[in-house]
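Participant: Take a look at this one; I'll ask things after.
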Amino acid sequence: MNHRILFVCLGNICRSPTAEGVFRTLATDHPDLHVQIDSAGTSDWHVGNPPYGPMQDAARARGYDLSTLRARQFTPADFKQFDLIIAMDDSNLSDIEKLRPAEATTRVALFTDFAPDTGMDHVPDPYFTRNFDQTLDLVEAAARGLLADLAG
């Protein structure tokens, strides 16, 4: 089955590109799943920029390469392009829903919904927390949960 998934955070330089990179890597263990993956930010602050350097460094240390990714802004057209839009926190979720076209039926969820055992209701932004390993831990757990959900 084909799945078109968009990961969304605020600036598209930490959490959502990390989710894209981690999910893309982990999805290779599920050759029966055909996925199109992208990421975006609800703001336009970093459009065209690569992921934040310290986030890239932390991801690279775990075997994830984010270097080819570039930030882009979420748009209402994304509701047509993707089957599932995944927000990193409630603020992102709210910003996404504000742009939802009336006819759009695309599912929108929080990434942590796929990692209930973590006890977290959002993925904290490491740009502010500086805790890049925590972000990677949560993203890996949620990506595994999402893969299980899609395969199930």
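The values are calculated or read from the model by the stated rules, or taken from the named source; none is laboratory data. These figures come from a predicted structure and were not determined experimentally. Every residue, glycine as well, gets a Cβ built from its backbone with ideal geometry; the counts of neighbours run over all protein chains shown.
Participant: Taking only pairs six or more apart or across chains, which ones have beta-carbon atoms under 9 Å, a first residue in region 58-71 that is under 16 Å from Phe7 (Cα atoms) and in contact (Cβ under 8 Å) with a residue 40 or more places away in the chain, and a second residue that is assigned to a loop (DSSP other than H, G, I, E, B) and polar (S, T, N, Q)?
Facilitator: Leu69/Asn12; Ala71/Asn12; Ala71/Asn49
Participant: Can you confirm whether region 73-87 contains a residue that is under 15 Å from the mean Cα position of the chain (by Cα) and without any contact (Cβ under 8 Å) to a residue 24 or more places away in the chain?
Facilitator: no
Participant: Residue check: is Ser39 assigned to a loop (DSSP other than H, G, I, E, B), within 17 Å of Asp95 (Cα to Cα), hydroxyl-bearing (Ser, Thr, Tyr) and free of Cβ contacts under 8 Å to residues at least 40 places away in the same chain?
Facilitator: The answer is no for Ser39.
Participant: Among (1) assigned to a helix (DSSP H, G or I); (2) at pLDDT below 95, there is one condition Asp29 misses while meeting the rest; what is its number?
Facilitator: (1)
Participant: Additional query: Quick check: is even one residue across region 90-105 modelled with pLDDT of 95 or more, touching a His at 6+ places or on another chain (Cβ under 8 Å) and under 20 Å from Ala142 (Cα atoms)?
Facilitator: Scanning region 90-105 turns up at least one residue that is modelled with pLDDT of 95 or more, touching a His at 6+ places or on another chain (Cβ under 8 Å) and under 20 Å from Ala142 (Cα atoms).
Participant: Follow-up. Of the numbered conditions (1) crowded, with 17+ Cβ neighbours inside 10 Å; (2) touching a Phe, Trp or Tyr at 6+ places or on another chain (Cβ under 8 Å); (3) more than 20 Å from Gly21 (Cα to Cα), Met55 satisfies every one except a single condition; which is it?
Facilitator: Condition (3) is where Met55 drops out.
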